[in-house]
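Quick notes on the structure that follows.
The values are calculated or read from the model by the stated rules, or taken from the named source; none is laboratory data. Small disclaimer: the values here were computed from a predicted structure and weren't measured. Here Cβ is always computed from backbone atoms with ideal geometry, including for glycine, and neighbour counts include all displayed protein chains.
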Amino acid sequence: MKHHAIFDLDGTLLDTERIAIAALKKAFRQYGYEADDRSLHQCIGISRPDTTALFSRLFPKAPMDRVLEQMHEEIDKAVAEHTLPVKQGISKLLEALKTKGCRMAVATSTPFAIAQEKLEQKYLMSYFKVLIGGDMITNGKPAPDIFLLAAEKLDADPDDCQVFEDSGPGIQAAHAAGMRVIYIKDIARPTEEALQLCFRKFENADEVLTVIDSLL
């Protein structure tokens, strides 16, 4: 039985990646750049410093500090307006895991304070014993550090943890941490190599709920 569950935040618990990608596309356009979805999707699941480095390589002449500042302003506006939806089936899944005595954590590339605000706004924070933000570790996903720290704070062995993730970097990080990975689909499909690292793959959290006993 897996007694501990670790969730990614954006794209897994909250349907925020669409908002972030739209905001990023708008920000690039404001500075005269047309960024395609395939390029923008590469930032899903990675830390802010890694996002800056990624787009500095892809768009070397773009004013990345200003582009990302504009993107975060758009996201902050969405948070302030309470327009961040919870992903399909997540509330029921968290309640089921809680009922079964599963201890849960969130491990996200989003900075701690922003992640906490999002969770509290959607009344999800009470489900989690631990919250690890991307600003609490040195090496972001796909390095395993964030998941290993979450397990440590849960007082759990990595092999007693299963991770719910939507992104390729997150899947790679959880697998590198020695944890079982459960993929829940979001807007950007991970590579086949990443998907092969997953224990199970689902379209949404409602599907996970139908087989919850087999996962614990």
Inset, instruction - Please verify whether the stretch 120-132 includes one or more residues that are farther than 21 Å from His82 by Cα and surrounded by fewer than 22 Cβ atoms within 10 Å (Cβ to Cβ). - result: yes
Inset, instruction - Give Leu40, Leu9, Leu54, Leu24 a once-over and let me know the one that is within 18 Å of the chain's Cα centre (by Cα), within 19 Å of Lys141 (Cβ to Cβ) and in the same structural domain as Leu148 (by TED's automatic domain parsing). - result: Leu9
Inset, instruction - Considering each residue of the stretch 166-189, count those that are closer than 22 Å to Ala22 by Cβ and in contact (Cβ under 8 Å) with a residue 24 or more places away in the chain, and give that number. - result: 9
